[in-house]
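Please read the structure below before turning to the comments.
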Amino acid sequence: MGARAQYVVVENGAWQRYYSHWAASRVVDDLLAGPVAATRCFRANREIDEWLDDVWCEGAALVDHDRKVLLWFTFTDSWADYEAARAVLSRTWSGWDVRFAHDGIGDLIHHLGLGRNLTRSPGWIETFEPAGFAATEDTDPCTVLSLLLPDGSVQAWGSDWEPVDHLGAGPGLIDLLLATPATPALTDMPYGGVHYDPQARTVSLWAVQNVAGIHTWPLPRWENWTLEFHGDDHTHQAGLLPTGFPFPQTPLTSALRRLTDRLGTPPPDNGSVLAAATAVLGAQGAVPVVNPAALVPHEPADPTPAELAALRRALDALIAEAEVG
């Protein structure tokens, strides 16, 4: 139970790992004030000597002061929330190479020269033979799929599956797509997109969320196919979508204001809530068992007044720019 986060700080040729049981959803908040504030925040957590794996690590950041590289990942509530965070980090981490770690913990380990599979067993990526396709009638799907047809036209659908799941399903999903009715036009940006070109045997993917395993290619049943990974850049697929199914123009103003509203808000003390719940005996006197780490709240070191003021200025400037359009 919890939203586990792992942090890595690299400085003067050495690196240390830190852990928080409840901080995965706060990775963005803890990064916003810049490298000095983030490093202080991460070092306020418990130092550990192990790696979380892809199942347990729900958010992470690596701050490399020697090479001025920031790698981070977490789940954001929407495409706009991701883009807002990215915009702020580009201001407050000026001069740094700021990258979203699409391969999750694999990207962090790879940055340290330890490969990508230190925490991964052979065959760890989930693949499956699809029995159906998760087309959605919602206008804000998780993923947009597009398919180049033999006549040169492109058809597109919304999907409830996460972007990487469409790679796990293999190219057999294409036949299911062809039998799927059209889905409604979009009113909000998805978390990612997948484009199939069967003639060229190419599949392309972009996402604003974790797509762990993206560098393990080919996946089963994708032999002799080429993967084009576009990171968080949706513009390649945007240029291919049919005119009746475009990506909507989604302003960032509201997402930037949400970041502003969260400034100075302490994280919830989930540990005390859990402790109270586990103090109650279960059915037939059963005693609840809880991971001791879950009782330790996430207590980040707060930004200094100067760091917080600089962050507010960056947010105010981005909001003003977004309102102008």
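The values are calculated or read from the model by the stated rules, or taken from the named source; none is laboratory data. This structure is a prediction, so every number in the text was calculated from the model and none was measured. Note: ideal-geometry Cβ built from the backbone for every residue, glycine included; neighbour counts use all protein chains shown. These accessible areas exclude ligands, DNA and RNA; they are computed on the full protein's heavy atoms, side chains included. Shrake-Rupley method; radii C 1.70, N 1.55, O 1.52, S 1.80 Å.
Structure summary
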| item | result |
| --- | --- |
| Members of the stretch 173-184 found to be surrounded by fewer than 22 Cβ atoms within 10 Å (Cβ to Cβ) and of a type outside the set (Ser, Thr, Tyr), listed by number | 174, 175, 176, 177, 178, 179, 181, 182, 184 |
| Scan of the stretch 1-22 for residues that are part of a loop (DSSP other than H, G, I, E, B) and either in contact with a Cys (Cβ under 9 Å, 6 or more places away or on another chain) or open to solvent by 10 Å² or more (accessible area, probe 1.4 Å) (or both), ordered by number | 1, 2, 3, 4, 12, 13, 22 |
| Enumeration of residues in the stretch 35-62 that are of a type in the set (A, V, I, L, M) and within 18 Å of residue 102 (Cβ to Cβ) | 52, 55, 60, 61, 62 |
| Number of the condition not met by residue 211 [criteria: (1) open to solvent by 20 Å² or more (accessible area, probe 1.4 Å); (2) within 30 Å of residue 10 (Cβ to Cβ)] | (1) |
| Helices (runs of 4 or more DSSP H) contained in the stretch 202-280 and holding at least 1 residues at pLDDT 95 or above, on the phi < 0 side of the Ramachandran plot and polar (S, T, N, Q) | 235-238, 253-262 |
| Condition check for residue 187: surrounded by fewer than 21 Cβ atoms within 10 Å (Cβ to Cβ), out of contact with any strand residue (DSSP E or B) (no Cβ under 8 Å at 6 or more places or on another chain), within 21 Å of residue 220 (Cα to Cα) and among the β-branched types (Val, Ile, Thr) | no |
| Total residues in the stretch 159-210, condition out of contact with any helix residue (DSSP H, G or I) (no Cβ under 8 Å at 6 or more places or on another chain) and not charged (D, E, K, R) | 28 |
| Candidate set: the stretch 95-104, residues that are more than 15 Å from residue 56 (Cα to Cα) and not β-branched (Val, Ile, Thr); chosen: the one most open to solvent (accessible area, probe 1.4 Å) | 99 |
| Cross-chain or 6+ apart pairs with Cβ under 6 Å, the stretch 240-261 first and in contact (Cβ under 8 Å) with a residue 24 or more places away in the chain and over 19 Å from residue 192 (Cα atoms), then in a helix (DSSP H, G or I) and open to solvent by 40 Å² or more (accessible area, probe 1.4 Å) | 253/323 |
| Lone unmet requirement of (1) in a helix (DSSP H, G or I); (2) touching a helix residue (DSSP H, G or I) at 6+ places or on another chain (Cβ under 7 Å) for residue 146 | (1) |
| Selection status of residue 245, of a type outside the set (Lys, Arg) and open to solvent by 30 Å² or more (accessible area, probe 1.4 Å) | no |
| Qualifying residue in the stretch 206-218 (condition: touching a residue at least 24 places away in the same chain (Cβ under 8 Å), within 23 Å of residue 135 (Cα to Cα) and of a type in the set (Ser, Thr, Tyr)) | no |
| Filter result for residue 107 (among the acidic types (Asp, Glu), in a loop (DSSP other than H, G, I, E, B) and either crowded, with 20+ Cβ neighbours inside 10 Å or modelled with pLDDT of 95 or more (or both)) | no |
| Residues that are more than 15 Å from residue 204 (Cα to Cα) and in contact with a Cys (Cβ under 7 Å, 6 or more places away or on another chain), drawn from the stretch 142-181 | 159, 160, 161 |
| Some residue of the stretch 4-16 being within 19 Å of residue 209 (Cβ to Cβ) and among the charged types (D, E, K, R) | yes |
| Test: residue in the stretch 114-137 that is at pLDDT 95 or above and crowded, with 18+ Cβ neighbours inside 10 Å | no |
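So that you can scan it fast, the table gives a plain yes or no per residue for (1) hydroxyl-bearing (Ser, Thr, Tyr); (2) touching a strand residue (DSSP E or B) at 6+ places or on another chain (Cβ under 9 Å); (3) open to solvent by less than 50 Å² (accessible area, probe 1.4 Å):
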| position | (1), (2), (3) |
| --- | --- |
| 147 | no, yes, yes |
| 151 | no, no, no |
| 160 | no, yes, no |
| 166 | no, yes, yes |
| 171 | no, yes, yes |
| 191 | yes, yes, yes |
| 198 | no, yes, yes |
| 225 | no, yes, yes |
| 235 | yes, yes, no |
